[in-house]
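Heads up: the structure comes next, in structure tokens.
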Amino acid sequence: MANEITEITVKQSVTTIVARSLIAMLLLAVMITGFSIISLASSLNDAAAINTSGSLRMQSYRIAYDIVRDSPRLPEHIESFEQSILSPELQLIDNIAVPQEIRDRYNALISRWLLLRPELQGPDRAFYLEQVGLFVNDIDQFVFTLQQHSENKLQVLALVGSIGLGVILALVLFLIQYTQRRIVQPLNMLVTASQRIQNGIFDVALPPTRNNELGVLSKSFAIMASELKELYANLEFRIESKTHKLTKANRSLNVLYDCSTQLSSSLLTRQSFENILDISMQADGISALTLTVTSPNQSEWQIRAGKADDQHWHSLPLRLDDEALGTLMWQGKDDVVDSVLLENIASILARGVHYNHAQKQAMHLAVMEERATLARELHDSIAQSLSYLKIQTSLLKRHLQRSDAKECESIAEEIGEQLRIAYDQLRELLNAFRLSLSHSDFGLALNEMVVALKGQTSAEITMSSTLDTLSMDVQHQMHLLQIIREACINAIKHADASTISIRCHQHDNHAYVEIKDDGIGFCPTDEKPNHYGLNIMQERSKMLGGNIQILSATSQGCRVVLTFDFA
């Protein structure tokens with residue numbers, strides 16, 4: 001491009017032509033002005049010469065009059081005539097700037113005067129009277145020649161001025177036309193071309209190429225417009241390509257996001273994986289997908305999406321932490337399918353399969369733990385009562401064989417009492433097992449439990465809690481609610497309390513729980529048969545990794561204090 005521009009040489013510089021035109025006009029103006037000044041200056045001397053030469057006629061006749069009248073002033077008038085004919089104004093005529101005819105006539109007048117003067121000073125003055133008419137005639141011819149010369153100079157001055165002004169006017173018109181044609185029009189075309197280029201139209205009309213500055217500018221502008229057109233076309237292609245890539249990337253991200261949202265479900269099922277495959281089918285170029293899940297501890301299962309044909313199947317392994325979880329197979333257009341997207345989908349599916357296995361295992365462990373809890377609760381409560389009833393039943397049979405009615409009646413009453421106790425324990429266990437976290441927030445769940453307890457007693461129950469729910473998992477919340485419930489049930493049934501307060505707060509990572517009542521109290525060292533609630537509270541506090549203290553005395557109420565640290 002640089003070579004093409006440098007090849008254009010400026011042979012007819014616009015600035016040079018304009019400058020030459022202006023200089024020519026300036027020189028013409030100077031010449032006309034100078035010529036006018038010189039002509040006017042010479043015309044001033046011509047006027048004086050004409051006036052002086054015109055006075056010679058009057059002086060010639062005055063001398064002739066003096067001769068006729070014999071005037072004593074004749075010598076004075078002769079001297080005055082000689083001073084006039086030899087005056088400086090007429091002496092200036094004798095130079096090369098004055099036409100030769102005028103100089104010859106002036107010299108002839110002087111010569112004729114020199115011939116007539118001696119006659120005037122001699123006795124024969126009549127000769128002058130005879131020659132005065134011819135002499136005046138020569139003076140008239142001389143004056144006429146001077147006047148004609150002066151008029152010629154004024155005519156030449158007017159002619160030169162007119163020609164000069166005409167030439168200047170012609171130069172001005174030429175300069176205006178040249179500027180309009182060679183400067184204004186090309187600049188207007190370049191401005192119009194630049195506006196079209198600004199609007200994204202690169203096919204523009206440019207001035208014809210000339211060997212001047214604007215021609216170089218026009219050529220450079222044409223090259224620039226051509227390159228801009230190529231760059232713009234290339235840029236549009238690149239933008240279209242980038243837009244296509246971004247659109248494809250956006251679709252891929254949407255597919256990955258929608259697939260990832262399926263993993264946010266609380267429980268991953270077969271439907272979740274079917275949804276992931278259906279979402280993955282939205283990716284470009286994919287016609288069929290098959291998910292095969294294999295695990296050493298799980299049965300193999302398979303899910304299909306799309307319509308399979310006779311094309312070759314491509315496979316991607318499902319791996320997580322170097323553990324093989326299955327295979328993702330796909331069919332589609334190899335040149336269109338985004339392999340990176342499929343790898344990410346395979347990674348999401350692997351994570352989903354892993355979560356599914358972990359959920360099943362967690363559910364299994366939860367069921368096993370709940371069964372163990374149920375077995376422990378039954379063993380510590382109803383089983384003990386049933387064991388005692390079994391012993392009492394054996395004693396009853398033995399006394400029946402002996403026909404000991406009094407002892408039988410006492411044993412039957414004891415059995416009835418134990419049955420009542422077992423029934424009450426069974427109801428408490430059922431209420432405890434029905435307790436669930438209907439709210440993920442511990443404070444709301446505690447408030448719901450307190451509302452249920454208020455329906456079982458006339459005692460006033462107050463509650464305040466600032467524990468952070470996010471710091472406890474579901475099992476910890478369940479154990480804590482069971483401890484608080486057991487303490488409140490004991491205060492309601494056994495302490496005859498009128499007020500019960502529950503306070504739960506935390507400091508940093510430490511939790512403090514207090515259940516306080518104003519009941520009749522008891523002695524913690526006294527063992528009460530068939531009551532296992534306190535032991536169960538101790539076991540639950542150990543599951544929380546904390547410590548529980550039961551502070552009470554007869555007629556002094558009871559305080560249950562639980563402290564533990566958040567995991």
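Does any residue of the range 140-149 turn out to be within 30 Å of Ser36 (Cβ to Cβ), out of contact with any Lys or Arg (no Cβ under 8 Å at 6 or more places or on another chain), among the polar types (S, T, N, Q) and in contact (Cβ under 8 Å) with a residue 24 or more places away in the chain? If you could, list the steps in order and put the result at the bottom.
Within the range 140-149, the subset within 30 Å of Ser36 (Cβ to Cβ) is 141-149.
Cutting the leftovers down to out of contact with any Lys or Arg (no Cβ under 8 Å at 6 or more places or on another chain) gives us 144, 146-149.
Still in the running and among the polar types (S, T, N, Q): 147-148.
Those left that are additionally in contact (Cβ under 8 Å) with a residue 24 or more places away in the chain: 147.
Yes - at least one qualifying residue is present in the range 140-149.
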From the list Glu343, Glu300, which one is loosely packed, with under 14 Cβ neighbours inside 10 Å and in a helix (DSSP H, G or I)?
-> Glu343
With (1) in contact with a Leu (Cβ under 8 Å, 6 or more places away or on another chain); (2) closer than 17 Å to Phe442 by Cα; (3) free of Cβ contacts under 8 Å to residues at least 60 places away in the same chain as the list, and Leu544 as the residue in question, which single condition is left unmet?
-> (3)
The range 92-115, residues that are aliphatic (A, V, I, L, M) and either outside any helix (DSSP H, G or I) or in contact (Cβ under 8 Å) with a residue 12 or more places away in the chain (or both) | Leu92, Ile93, Ile96, Ala97, Val98, Ile102, Ala108, Leu109, Ile110
Does Ala225 qualify as being assigned to a helix (DSSP H, G or I) and under 30 Å from Thr16 (Cβ atoms)?
-> yes
From the list Asp70, Asp66, Asp46, which residue is closer than 30 Å to Val160 by Cβ and among the acidic types (Asp, Glu)?
-> Asp46
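With the requirement that a residue be aliphatic (A, V, I, L, M) and touching a Leu at 6+ places or on another chain (Cβ under 7 Å), what does the range 57-67 give you?
Once the filter is applied, which keeps residues that are aliphatic (A, V, I, L, M) and touching a Leu at 6+ places or on another chain (Cβ under 7 Å), the range 57-67 yields Ile63, Ala64, Ile67.
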Single match in Gln477, Gln538 (criterion: polar (S, T, N, Q), under 23 Å from Phe442 (Cβ atoms) and surrounded by 15 or more Cβ atoms within 10 Å (Cβ to Cβ)) | Gln477
Hey, any hits in the range 185-202 for a residue that's part of a loop (DSSP other than H, G, I, E, B), polar (S, T, N, Q) and either in contact with a Gly (Cβ under 7 Å, 6 or more places away or on another chain) or not assigned by TED's automatic domain parsing to the domain that holds Ile38 (or both)?
-> yes
Selection count where residues are more than 23 Å from Gln155 (Cα to Cα) and in contact (Cβ under 8 Å) with a residue 40 or more places away in the chain, scope the range 17-58 | 7
Single residue of Val160, Val156, Val216 found to be loosely packed, with under 13 Cβ neighbours inside 10 Å and in a helix (DSSP H, G or I) = Val156
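Residues are listed down the side, and each one gets a yes or a no for (1) in a loop (DSSP other than H, G, I, E, B); (2) free of Cβ contacts under 8 Å to residues at least 60 places away in the same chain; (3) touching a helix residue (DSSP H, G or I) at 6+ places or on another chain (Cβ under 7 Å); (4) surrounded by fewer than 14 Cβ atoms within 10 Å (Cβ to Cβ):
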{"site": "Ser60", "(1), (2), (3), (4)": "no, no, yes, no"}
{"site": "Ile63", "(1), (2), (3), (4)": "no, no, yes, no"}
{"site": "Glu76", "(1), (2), (3), (4)": "no, yes, no, yes"}
{"site": "Ser80", "(1), (2), (3), (4)": "no, yes, yes, no"}
{"site": "Gln83", "(1), (2), (3), (4)": "no, yes, no, yes"}
In the range 117-137, residues that are within 14 Å of Ala64 (Cβ to Cβ) and polar (S, T, N, Q) total 2
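The values are calculated or read from the model by the stated rules, or taken from the named source; none is laboratory data. Small disclaimer: the values here were computed from a predicted structure and weren't measured. Backbone-built Cβ (ideal geometry, glycine too); neighbour counts: all protein chains shown.
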